[in-house]
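What follows is a short report on a single structure.
The values are calculated or read from the model by the stated rules, or taken from the named source; none is laboratory data. Keep in mind that what you see is a predicted model, and the values were worked out from it rather than measured. Using ideal geometry, Cβ is built from the backbone for each residue, glycine included, and neighbour counts are taken over all protein chains shown. Surface accessibility is based on the protein's heavy atoms, side chains included, excluding ligands, DNA and RNA. Shrake-Rupley method; radii C 1.70, N 1.55, O 1.52, S 1.80 Å.
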Amino acid sequence: MTLLTLEPARTALVVIDMTRGVLSMPAVPHPLEEVLANTVRLADAFRNAGSFVVLVNVNSVDRKDMLCPNSDMKLSLPAERPKGWAELAPELGRHPLDHLITKHQWGAFFGTDQDLQLRRRGIGTIVLCGIATGFGVDTTAREAYQHGYNQVFAEDAMNALSEDEHHYVCTHIFPRMGRLHSTDEIVAALQATEHVSSNDNK
């Protein structure tokens, strides 16, 4: 694994579906509290570095704008979502400069202003985390790959619906589109760049 370096002004954090509803569902392989804590650490580190933070949720008023193809397997989502299901986890402490995206499918690029917001800020690298590894995170990663972004995947800040799903995507898919690192490594890379920049300005 190569040493990770990140340029805060050209790097964004994209957090997928860390909402009250999604966090109430069973997920593996990491303890849910650990995934949420690592996501909060990443968001705080990016904000402190002056980097762009994108918080993504999935929602619909009447579900008529959601995909529902004929398929052999259906996601086991609640028929009636309780009030607050799509609200972001309060632990994330949404900042005024955070950008909120509401999607209506697995990926956070299609039908949203994600690409526009990133390009107009000159961002070339995104750090991805969230739930679920093989659905929202993976689909967003594939879309980002096709848009030409460099990507870093915070493996310990994401969970899946099954261990097989998480392992397969992190072993066979993500390494073909970017680099996998831990939350500690990503935060350290941001702080190292901040330290160098502050010394250069002295």
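Points worth noting:
- Residue check for Glu155: touching a residue at least 40 places away in the same chain (Cβ under 8 Å), of a type outside the set (Gly, Ala, Ser) and open to solvent by 30 Å² or more (accessible area, probe 1.4 Å): no
- Close pairs (7 angstrom Cβ cut-off, 6 or more residues apart or separate chains): touching a residue at least 60 places away in the same chain (Cβ under 8 Å) in region 106-123, open to solvent by 80 Å² or more (accessible area, probe 1.4 Å) and assigned to a helix (DSSP H, G or I) anywhere: Gly122/Arg10; Ile123/Arg10
- On the stretch given as region 162-178, residues that are in contact with a strand residue (DSSP E or B) (Cβ under 8 Å, 6 or more places away or on another chain) and crowded, with 17+ Cβ neighbours inside 10 Å total 6.
- For Arg142: the one exception among (1) part of a loop (DSSP other than H, G, I, E, B); (2) open to solvent by 20 Å² or more (accessible area, probe 1.4 Å); (3) modelled with pLDDT of 95 or more: (1)
- Failed criterion for Asn59 (all others in (1) over 19 Å from Asp113 (Cβ atoms); (2) modelled with pLDDT under 90; (3) surrounded by 11 or more Cβ atoms within 10 Å (Cβ to Cβ) hold): (1)
- Within region 1-28, the set of residues being in a loop (DSSP other than H, G, I, E, B) and buried (at least 18 other Cβ atoms within 10 Å of the Cβ) comprises Leu6, Asp17, Met18, Ala27.
- Only residues that are among the charged types (D, E, K, R) and open to solvent by less than 40 Å² (accessible area, probe 1.4 Å) were counted across region 82-126, and they come to 3.
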